[in-house]
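This is the structure I have questions about; it appears just below.
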Amino acid sequence: MTSDGSRVLVGVDGCKAGWIAVRRDPGSTPRNPGAAPSVAVFPSFAALLDALPVDATVAVDMPIGLPELSQKGGRGPEALVRPLLGNRQSSVFAIPSRAALYAHTDGFTTIEAWYAAHRQASEVAKATSDPPRGVSIQAFGIFTKIREIDAVLIARPELRSRVFESHPEVAFCRLNGDQAMCLPKKIKGAINPAGMAERKALLCRHGYLRDFLDRTPPRGAAADDFLDAAVMMLIAGRIAGGEARPFPDPPLADRFGIPVAIWA
């Protein structure tokens, strides 16, 4: 694991209970039993950030920076990274406009209300995209978390130089000599053990201990969330060490000045 060695490095993924974070403190390596990475779940992104030192580098699997008009393929970063991923490129969702993300911000009490909100967001997305495009169910499922990060980065601009967007499959690809993973992590929504093993082997080549990766994730997080947070932590190290590359380079910016790029 390469970094400048002086910062706390954190990899983050959304999970059912909130956010799962894999953290490495300065000077530690996973092969030092007394200084192994730690893993924890936080109820909100703000709570996660509040638990970190002010100079921690955070890489998160969540879109950061929202477009006013969505172009074909997404914001820009998505279209650039998909060709790297081969059969894994369907894991990169097109992100709709800011208006679509904020079309419905209330909580849901019934499944009918959830589907109605999805239809509403899709209509707004179609009206603010060229060519017109609705919202996938998968993308809609993470709207709340996208808004959560968006709100934090609008309110606290100083975090924009510490919190970076990445994507697990792009990260695994970059760490694998720019070769995409052969096997999917999930098949029809269920964990694919062979795909998980392929990724764990790669993470071990980059310094993780298999015992750490094989542990049961904290309550409220799934096994694939845990692996995604683990690879995000490696990207945080690459960013801190000046090795990571943004897609696009240089990053774009949304209307609030929030950088728009996938780092890996």
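The values are calculated or read from the model by the stated rules, or taken from the named source; none is laboratory data. Fair warning: this is a prediction, and the values are worked out from it, not measured in the lab. For neighbour counting, all protein chains shown are included, and Cβ atoms are generated from backbone atoms with ideal geometry for every residue, glycine included. Ligands, DNA and RNA are excluded from the accessible area calculation, which covers all protein heavy atoms including side chains. Shrake-Rupley method; radii C 1.70, N 1.55, O 1.52, S 1.80 Å.
So, counting K/R as plus one and D/E as minus one, what does the shell of residues with Cβ under 10 Å around residue 175 add up to?
Computed value for this residue: +3.
If I take R0 = 41 Å and measure r between the Cβ atoms of residue 130 and residue 194 in this structure, what FRET efficiency does the formula 1/(1 + (r/R0)^6) give, to the nearest 0.05? Could you put the intermediate results ahead of the total?
Working: r = 40 Å, r/R0 = 0.97.
Once the sixth-power term is evaluated, E becomes 0.55.
Considering the options 38, 153, 251, tell which one lies farthest towards the positive end of the dipole of the chain, charges being +1 on Lys and Arg and -1 on Asp and Glu at the Cβ, about the Cα centre.
38
Okay, next question. Answer with a single label: of (1) 34, 19, 17; (2) 29, 20, 19; (3) 24, 22, 19, which was calculated as semi-axes √(5λ) of the Cα gyration tensor in Å from the structure in view?
From the options (1) 34, 19, 17; (2) 29, 20, 19; (3) 24, 22, 19, the structure gives (2).
Please compute the length gained on full extension between residue 183 and residue 54, using 0.36 nm multiplied by the number of residues separating them and subtracting their Cα-Cα distance.
Between residue 183 and residue 54, full extension yields an extra 42.7 nm.
Let me ask another. Ignoring everything except DSSP H segments at least 4 long, calculate the 222 nm mean residue ellipticity for the chain; use -39,500 (n - 2.57) per segment, divide by total residues, nearest 500.
Details: 10 runs with 97 residues, N = 264.
Rounded to the nearest 500, the figure is -10500 deg cm²/dmol.
Quick check: net charge around residue 69, other residues with Cβ under 13 Å of its Cβ, Lys/Arg +1 and Asp/Glu -1?
Charge balance in the 13 Å sphere: +3.
Further, regarding this structure: Any idea of residue 114's accessible area? Nearest 10 Å², probe 1.4 Å.
Roll a 1.4 Å probe over it and residue 114 shows about 60 Å².
Let me ask something else about it. I want to make sure I understand the PRE zone here: with the label point 7 angstrom from the Cα of residue 154 toward its beta carbon, which residues in the range 233-264 have backbone N atoms less than 12 Å away?
255-258
May I ask you to give the solvent-accessible area per residue for the chain, in square angstrom, as obtained with a 1.4 angstrom probe?
Result: 45 Å² per residue.
With label points built 7 Å along Cα→Cβ from the Cα atoms of residue 16 and residue 89, find their separation and express it in nm.
3.3
Ignoring everything but the protein chains, give the 1.4 Å probe accessible area of residue 110 in square angstrom, nearest 10.
60
Now a separate question. Starting from the Cα-Cα distance between residue 219 and residue 71, subtract it from 0.36 nm times their residue separation and give me the gain in nm to one decimal.
So the extension gain works out to 49.5 nm.
With the full set of protein chains in place, find how many percent of the accessible area of the chain is carbon and sulfur; take the probe as 1.4 Å.
Of all accessible area on the chain, carbon and sulfur atoms account for 54 percent.
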